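Participant: So that we are looking at the same thing, I have put the structure below in structure tokens.
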Amino acid sequence: MLGFGREKGLVGLDIGSHSIKAVELNPKKKASENLYEIKKIGYELIPRDTIVEGTIIDSAAVVETIKMIFDENKISNKNVAISISGNSVIIKKISLPSMDTEELAESIIWEAKHNIPYPYEETNVDYAILRPSPYSEEKNLDILLVAAKKDKIANYSNVVYQARKNLEAMEVDVFALQNALEINYSEILNEKTVAIINIGANITNVVIIEKGIPQLFRDLSLGGFFFTENMSKDLNISFDEAEKALKGIPVKNFPSEQLEASLRTNIENLLEEIEKTFSFYEVGEKKEKKIEQIFLSGGLSKLKGFPSVFENKFKTKTEILNPFRKISFEEKKFDAIYFQELAALFGVATGLATRRLEK
Ligand SMILES: Nc1ncnc2c1ncn2[C@@H]1O[C@H](COP(=O)(O)OP(=O)(O)OP(=O)(O)O)[C@@H](O)[C@H]1O
Ligand SMILES: [Mg+2]
């Protein structure tokens, strides 16, 4: 989506509002189950308020952090793929009758003008034709329309250019996550209806995929930042202390029952919003549909016991999406424990890094 460029050797760069992650993968030469090998990896936290509501406010801080990640982890490849999300990015699934390419291009522009809540001139539009759904009897083309506001694209591209990197592709988070699932869990992806829920600091991406075909996308304004903010108010502690408490680091001078109560309320609110999104999918169409498996990703999914919280709520098998499941690494260079720690954070970045290599 919104891509322009070369075929090989990308660094997936996930510019999040809590941390920036970068990963470079090498395709494996020998045929084996592991298609990729991690070449380089790194991440850094960024100061709070650097990115607010999906807009990079302090671009100098982001540029410095990107440079630092590349320098400290000796990433010499300058070709990067980044992603954007949130309400300046609209993804719509439309259905059009079969037609020739020229007519299709015209129809897509027409659809874009009528489906996007922003002036057409202010957006960049791209599309992808989906493979036919196994359920559809009609000969229609299912098309994913992606429109991103030009100011959002400029806001994110600028930091890449200022960090002296080559922007080779711009993707949306949900597609990067789908890529990560595809290379690591293809057997499940192609057989089942799955949901990926990526819970970051400010945004929770939800994507529902039916036998490999994406059906629903949502970017919810939810995440760890709101947990921390509410906990700091509920417990009358600083934001930084609340952040520690969220990560399970003991904070002195307040009873743990209070912490647990605050955390529980936040989790319940999050689950309710996700339930609404699920219901929209499951009840929204004629056929009865059911999500059969949930994959969690994002920093907040590291909350202790979180997969079982989802299993209990949705009565659906839930696990953390491990974006390195079928990716190998040199044991001399990296520590396996390190990858376990990073797995939840690297869904988007890994999906971005595999984007072009697999073609
Ligand atoms: N071990 C942990 N336990 C609980 N929460 C955690 C843990 N580690 C990180 N978090 C929370 O996860 C969030 C960061 O997740 P992530 O790195 O996925 O976000 P991001 O990609 O930077 O943000 P966004 O995509 O929303 O802009 C923060 O709110 C942080 O407090
Ligand atoms: Mg994120």
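Participant: Any residue in the range 93-110 that's over 20 Å from residue 124 (Cβ atoms): show its pairings with residues that are among the hydroxyl-bearing types (Ser, Thr, Tyr) and not in a helix (DSSP H, G or I) at Cβ separation under 9 Å, as long as the two are six or more apart or on different chains.
Facilitator: As it stands, the answer is 95/136, since those pairs meet every condition given.
Participant: All but one of (1) outside the structural domain of residue 270 (by TED's automatic domain parsing); (2) away from ligand 1 (no atom under 11 Å from the Cβ); (3) not polar (S, T, N, Q) hold for residue 309; state the number of the condition that does not hold.
Facilitator: (1)
Participant: Of all residues in the range 244-267, how many are more than 16 Å from ligand 1 (Cβ to nearest atom) and either surrounded by 10 or more Cβ atoms within 10 Å (Cβ to Cβ) or within 14 Å of residue 231 (Cβ to Cβ) (or both)?
Facilitator: Filtering the range 244-267 down to residues more than 16 Å from ligand 1 (Cβ to nearest atom) leaves 252-255, 257-258, 261.
Right, trim to either surrounded by 10 or more Cβ atoms within 10 Å (Cβ to Cβ) or within 14 Å of residue 231 (Cβ to Cβ) (or both) and you get 254-255, 257-258, 261.
So the answer is 5.
Participant: For the range 204-225, name all the residues that are more than 26 Å from residue 243 (Cβ to Cβ) and either in contact with a strand residue (DSSP E or B) (Cβ under 8 Å, 6 or more places away or on another chain) or within 14 Å of ligand 1 (Cβ to nearest atom) (or both). Quick ask: steps written out before the conclusion?
Facilitator: Step one: of the range 204-225, the residues more than 26 Å from residue 243 (Cβ to Cβ) are 207-217.
Correct list: 207, 208, 209, 210, 211, 213, 214, 215, 216, 217.
Participant: Taking residue 179, is it in contact (Cβ under 8 Å) with a residue 24 or more places away in the chain and outside the structural domain of residue 293 (by TED's automatic domain parsing)? Please lay out each step first, then the result.
Facilitator: Working: in contact (Cβ under 8 Å) with a residue 24 or more places away in the chain: yes; outside the structural domain of residue 293 (by TED's automatic domain parsing): yes.
So residue 179 passes the test.
Participant: Kindly indicate which of 282, 292, 268 is within 24 Å of residue 343 (Cα to Cα) and among the charged types (D, E, K, R). Lay out the reasoning, then the answer.
Facilitator: Working: 282 fails: within 24 Å of residue 343 (Cα to Cα); 268 fails: within 24 Å of residue 343 (Cα to Cα).
It is 292.
Participant: For the range 86-196, which fully contained helices (runs of 4 or more DSSP H) count at least 1 residues that are out of contact with any Asp or Glu (no Cβ under 9 Å at 6 or more places or on another chain) and loosely packed, with under 14 Cβ neighbours inside 10 Å? Break it down into steps so the answer makes sense when it comes.
Facilitator: Numbers: elements: 101-115, 150-162, 173-184, 186-191.
Here the list reads 101-115, 150-162, 186-191.
Participant: Quick one: would you say residue 204 is crowded, with 19+ Cβ neighbours inside 10 Å, within 16 Å of ligand 2 (Cβ to nearest atom) and over 25 Å from residue 350 (Cβ atoms)?
Facilitator: Numbers: crowded, with 19+ Cβ neighbours inside 10 Å: yes; within 16 Å of ligand 2 (Cβ to nearest atom): yes; over 25 Å from residue 350 (Cβ atoms): no.
No, not satisfied.
Participant: In the set 177, 141, 216, which member is farther than 20 Å from residue 278 by Cα and of a type outside the set (Asp, Glu)? Please lay out each step first, then the result.
Facilitator: Working: 177 fails: farther than 20 Å from residue 278 by Cα; 216 fails: farther than 20 Å from residue 278 by Cα.
None of the other options fit; the residue is 141.
Participant: Of the residues that make up the range 318-333, is at least one without any contact (Cβ under 8 Å) to a residue 24 or more places away in the chain and not assigned by TED's automatic domain parsing to the domain that holds residue 178?
Facilitator: Taking the range 318-333 first, the residues without any contact (Cβ under 8 Å) to a residue 24 or more places away in the chain are 331-333.
Add one more test, that the residue is not assigned by TED's automatic domain parsing to the domain that holds residue 178, and what stays is none.
No: the range 318-333 contains no residue that is without any contact (Cβ under 8 Å) to a residue 24 or more places away in the chain and not assigned by TED's automatic domain parsing to the domain that holds residue 178.
Participant: If the Cβ limit is 8 Å and pairs must be 6+ apart or interchain, which residue in the range 111-133 that is farther than 23 Å from residue 155 by Cβ pairs with which residue that is assigned to a loop (DSSP other than H, G, I, E, B)?
Facilitator: Correct list of pairs: 128/1; 131/212.
Participant: In the range 246-273, how many are of a type outside the set (A, V, I, L, M, F, W, C) and in a helix (DSSP H, G or I)?
Facilitator: Here is the first cut: in the range 246-273, the residues of a type outside the set (A, V, I, L, M, F, W, C) are 247-248, 250, 252-253, 255-258, 260, 262, 264-266, 268-269, 272-273.
Right, trim to in a helix (DSSP H, G or I) and you get 256-258, 260, 262, 264-266, 268-269, 272-273.
The qualifying residues number 12.
The values are calculated or read from the model by the stated rules, or taken from the named source; none is laboratory data. The shown structure was predicted, so the numbers you read here are calculated from the model rather than taken from an experiment. Cβ atoms come from the backbone with ideal geometry, glycine included; neighbour counts cover every protein chain shown.
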